[in-house]
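Worksheet: one structure, shown below.
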Amino acid sequence: MERHVPARYTLEGVSDAEVSVHPFATEDGLGLNLTRFRRGDCDDVVLLLHGLTASIDMFIMPEHRNLVSVLLDNGFTDVWALDFRMSSRLPYDAETHRYTLDDIAAWDHPAALREIRRHVGDRRVHVVAHCLGSMSFSMSLFGGALDGVTSFVSNSVSLTPRVPAWSRCKLVAGPGLSEYVLGLSFMDSRFGEAPPLTRGWMVSRLVSLFHRECDVRDCHMISFMWGSGRPALYEHDNLLPVTHQRIADLLGPTGVHYFRHIRKMVSAGQVVKYDPGDPRHADLPEAYLSRASEVTTPVLLLSGDVNRVFPGANAACHEALERARPGLQEFASLPGYGHIDPFIGENAHVDVFPKILDFLKRQAS
Ligand SMILES: [Zn+2]
């Protein structure tokens, strides 16, 4: 089939950099990948973390001026991007599984940082993270699973998830309906391409009945899977047409079990452990904010002001962290932006990336 969009998993969006891939294993036996984009040694290394079923692709898109290129061009010449177990570049989230965000906090991010340290030694490491990459990294950082991070930039959600009423309904009913009634352990943004009358096809057609805002079925499924709105994850006007057309390349299938953990956290109003009795995570706190005063890493919390996935979550996190450790965090609202367009939007390099750069430069000095 002829495609008028960039090849999947392309690295063409980053030029003039030495690219290397660094596989490593987690303690529970998953193989993950770090991809390094390097123009030279740098005292300030940056690590980028994607959200649920996104991947490093959201930072290296060739169709716009992407975050990795902007960092490399502005003096951060050693940039790493992690594909962890939620990545659409890896098979894990399209398999039947029972992973939780505690697993990621305990095993994925600490192992990734150990691998980076093997190469960069004790140079400063800054982390920029999106969505559940941000939430799970916040859990690692504030839960004491790692240390030595110089600064942290979080987009959309960190330690205090807030979701719209319709998302709350989906979190309550969705995982059970999907697994026990439909027999589907994951939802696929490409269900629109399933053979007629199969379960995936019917889910896609039903979802599209309620989404008349555009003619891309993958876009409808993505709205259904992750938020409340038409569309839910971004403003259409903020995306280039090619990005909208290939949105399923950037946001793939997702297992429904993670939503049970999110549901528990939304009910608690803050990030909590999924199973407090799980001996594998005995070192992690039951409520991740409980140790916040012990962590001195500066944090920049970002959120689009039309965020329809986690509206108000990072503003609430700013308030909560200010109470625990005054003066160590900043909050920046992104006018006209939603949940993920702060990274994949056509003009993110004009409207958003300068705020990230400004913060990183201040922490670097
Ligand atoms: Zn759309």
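Observations, loosely collected:
- Pick from the range 277-290, criterion in a loop (DSSP other than H, G, I, E, B) and touching a residue at least 60 places away in the same chain (Cβ under 8 Å), ranking: surrounded by the most Cβ atoms within 10 Å (Cβ to Cβ): Leu284
- Count of residues meeting criterion [under 22 Å from Leu334 (Cβ atoms), surrounded by 24 or more Cβ atoms within 10 Å (Cβ to Cβ) and over 12 Å from the mean Cα position of the chain (by Cα)] in the range 128-152: 1
- Residues of the range 322-342 classified as among the polar types (S, T, N, Q) and surrounded by fewer than 17 Cβ atoms within 10 Å (Cβ to Cβ), total: 1
- Per-region count, the range 36-62, residues farther than 19 Å from Arg89 by Cα and surrounded by fewer than 24 Cβ atoms within 10 Å (Cβ to Cβ): 7
- Helices (runs of 4 or more DSSP H) enclosed by the range 291-365 - at least 3 residues per element that are touching a residue at least 60 places away in the same chain (Cβ under 8 Å): 313-324, 341-344, 353-364
- Any pair with Cβ under 9 angstrom, 6 or more apart, that starts in the range 199-217 at a residue that is touching a residue at least 12 places away in the same chain (Cβ under 8 Å) and ends at one that is of a type in the set (Gly, Ala, Ser) and loosely packed, with under 14 Cβ neighbours inside 10 Å: Arg199/Gly183
- Residue list for the range 140-177, restricted to those being outside any helix (DSSP H, G or I) and in contact with a Pro (Cβ under 7 Å, 6 or more places away or on another chain): Gly143, Ala145, Leu146, Ser151, Asn155, Arg162, Pro164
Per-residue answers, yes or no, for (1) in contact with a His (Cβ under 9 Å, 6 or more places away or on another chain); (2) within 23 Å of Ala313 (Cα to Cα); (3) touching a residue at least 40 places away in the same chain (Cβ under 8 Å):
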{"position": "Ile56", "(1), (2), (3)": "yes, no, no"}
{"position": "Asp73", "(1), (2), (3)": "no, no, no"}
{"position": "Met86", "(1), (2), (3)": "yes, yes, yes"}
{"position": "Glu95", "(1), (2), (3)": "no, no, yes"}
{"position": "Pro110", "(1), (2), (3)": "no, no, no"}
{"position": "Arg117", "(1), (2), (3)": "no, no, no"}
{"position": "Arg123", "(1), (2), (3)": "no, no, yes"}
{"position": "Leu146", "(1), (2), (3)": "yes, no, no"}
{"position": "Asn155", "(1), (2), (3)": "yes, yes, yes"}
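- The sole residue among Ser223, Ser228 that is within 11 Å of the ligand (Cβ to nearest atom), of a type in the set (Gly, Ala, Ser) and buried (at least 17 other Cβ atoms within 10 Å of the Cβ) is Ser223.
- Qualifying residue in the range 260-276 (condition: surrounded by fewer than 17 Cβ atoms within 10 Å (Cβ to Cβ) and over 30 Å from Tyr180 (Cα atoms)): no
- Inside the range 235-259, residues that are more than 10 Å from the ligand (Cβ to nearest atom), of a type in the set (A, V, I, L, M) and surrounded by 17 or more Cβ atoms within 10 Å (Cβ to Cβ) make up a count of 4.
- Extreme residue, modelled with the highest pLDDT, among residues of the range 178-189 that are loosely packed, with under 13 Cβ neighbours inside 10 Å and assigned to a helix (DSSP H, G or I): Tyr180
The values are calculated or read from the model by the stated rules, or taken from the named source; none is laboratory data. The shown structure was predicted, so the numbers you read here are calculated from the model rather than taken from an experiment. All Cβ positions, even for glycine, are placed from backbone atoms using ideal geometry, and neighbour counts span all protein chains on display.
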